Every structure is written in C-alpha cells, then in structure tokens.
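Participant: Following this message is one structure expressed as structure tokens.
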Amino acid sequence: MAKAKYTTAGLLKAIRLLAVMLFFAFSFNISKVQAQHKPSLEYQVKAAFIFNFTKFVNWPSSVFKSADAPFIIGIIGDDPFGPYLDELVKGEKIGTHKIIVVRYTDVNDATNCHMLFINANPVIQQNVLALTNNQKILTVSDSASLGTRGSNISFFKQNNKVKIEININATKNSKLEISSKLLSIAKLN
C-alpha cells in the first residue's frame, strides 16, 4: 500500500480552494437572506408611506385601551413587506404608544388595529371594508379600485411613482382627521 504524500504547497492549495468555496457559499446564502428580508423598492416606498401616515393622521384618544397601549398597524392578506415594515417602525411611537405591526389571517381580528393594510383577494377586501366601515381604523389598500369602495387610502402608480388617493367620505365616516399636508399630495376621491 502506497503512502499518500502531502506537500505543504498542495495542502495550502486545498485549504485555499476550500476557503474560496466556503466564501462563495456563505456570500450566496447571505445575499439570499437579505433578498428575502428586503421587499421591492415599490414596497419599501409604500412601507415608508404607511409609517408616515401615523404622523399625518389623528386618531382620537378613545381608540386606545390605555395610555401605554400600542398603536397597531395591521396587515391582512399577502404581506409584501416581510420584516421590512417591522424594522421601519421599530422603536417608534405615536405619543406614548409604541408602534407595532400585526399580521391577521382572520377578517374578524383585523378590526383590532388602528391602521390596516389590505392586500387580499376581492372577497376578503369587501368583508374587511364592511367590518371596518365607520370604525376609527385607517384602511390602506394596494388596489386603486378599493378606494372607490370604501378604503380610506389607496396606492396607485403614475409615471412609475407611487401615489396615494384618499377617499374623503370614507375618512369622515372613520372619524379620523387627515392633515392638510397629506391631503395636498393626494388625489382626492
């Protein structure tokens, strides 16, 4: 039986090759994980809008169960933000109310929030709007047609830019006050 000879140069070459292979494998996995956590630029912009709505809409103090109850941004249907929206609002507050994001699967639970992003099939959309109608919940949709059916704010794209449309009647029915600054940048319905 012949004894294998390992030279120092050969061993170093094998170690370098293994290191390069591990580096590329690790780099691929990291970029894959980052891609999973970061939504498209369009949804990053929409997440920023959602966060900023908290600054330009006034909710009556009666919507909070206590002085330290959280301000809840709900999502029903497909979640295009992943953890991005959670990271965006992390550590942020509205007055004494910490902002949190909650994902709902049951339409009936979706009324337990202050702002609700609706990204679901048409049947769920209509059920959610029927439940949130006349409640102090800011409904935000990813469907321009939903704005005409009762959503407070709807996103739409124009010239490759994300824009918002505000349904004035739905907002009045929700008894929410929208800042004139927000109204000035929106298409009003």
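The values are calculated or read from the model by the stated rules, or taken from the named source; none is laboratory data. Keep in mind the model is a prediction, meaning the values are calculated, not measured. Positions of Cβ are generated from backbone atoms using ideal geometry, with glycine treated the same way; all protein chains shown enter the neighbour counts.
Participant: If I ask for residues that are under 23 Å from K163 (Cβ atoms) and without any contact (Cβ under 8 Å) to a residue 60 or more places away in the chain, which ones from region 115-136 would you list?
Facilitator: Listed by number, the residues that qualify are L116, I118, N119, A120, P122, Q125, V128, L129, T132.
Participant: Additional query: Could you list, in sequence order, all residues of region 110-123 that are of a type outside the set (G, A, S) and either within 18 Å of the chain's Cα centre (by Cα) or closer than 19 Å to I50 by Cβ (or both)?
Facilitator: To start, the set of residues in region 110-123 that are of a type outside the set (G, A, S) comprises 111-119, 121-123.
Matches in region 110-123: T111, N112, C113, H114, M115, L116, F117, I118, N119, N121.
Participant: State yes or no: is I124 closer than 24 Å to F156 by Cβ and crowded, with 22+ Cβ neighbours inside 10 Å? Full working, then the answer.
Facilitator: On the way: closer than 24 Å to F156 by Cβ: yes; crowded, with 22+ Cβ neighbours inside 10 Å: no.
It is false that I124 is closer than 24 Å to F156 by Cβ and crowded, with 22+ Cβ neighbours inside 10 Å.
One line per residue, one yes/no per condition, for (1) closer than 27 Å to K157 by Cβ; (2) crowded, with 19+ Cβ neighbours inside 10 Å; (3) out of contact with any Gly (no Cβ under 9 Å at 6 or more places or on another chain):
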position: Q44; (1), (2), (3): yes, no, yes
position: V63; (1), (2), (3): no, no, yes
position: G74; (1), (2), (3): yes, yes, yes
position: D78; (1), (2), (3): yes, no, yes
position: A120; (1), (2), (3): yes, yes, no
position: T132; (1), (2), (3): yes, yes, no
position: L138; (1), (2), (3): yes, yes, yes
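Participant: Here is a follow-up. From the set of residues in region 46-70 that are of a type in the set (G, A, S) and within 18 Å of D142 (Cβ to Cβ), which is nearest to the chain's Cα centre (by Cα)?
Facilitator: Let us first name the residues in region 46-70 that are of a type in the set (G, A, S), namely 47-48, 61-62, 66-67, 69.
Then drop every residue that is not within 18 Å of D142 (Cβ to Cβ), which leaves 47-48.
On the way: A47: 5, A48: 8 Å.
The residue in question is A47.
A quick yes/no check of all residues on (1) modelled with pLDDT under 50; (2) under 30 Å from A110 (Cα atoms); (3) outside the structural domain of I118 (by TED's automatic domain parsing):
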| position | (1), (2), (3) |
| --- | --- |
| K13 | no, no, yes |
| L18 | yes, no, yes |
| A48 | no, yes, no |
| F51 | no, yes, no |
| D68 | no, yes, no |
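Participant: Which number in (1) touching a helix residue (DSSP H, G or I) at 6+ places or on another chain (Cβ under 6 Å); (2) within 20 Å of A47 (Cβ to Cβ); (3) not β-branched (V, I, T) marks the one condition that R103 misses?
Facilitator: Answer for R103: the failing condition is (1).
Participant: Still on this structure, please answer the following. Tally the residues that are out of contact with any Asp or Glu (no Cβ under 8 Å at 6 or more places or on another chain), at pLDDT below 85 and closer than 16 Å to L188 by Cβ, restricting the search to region 118-145.
Facilitator: So the answer is 0.
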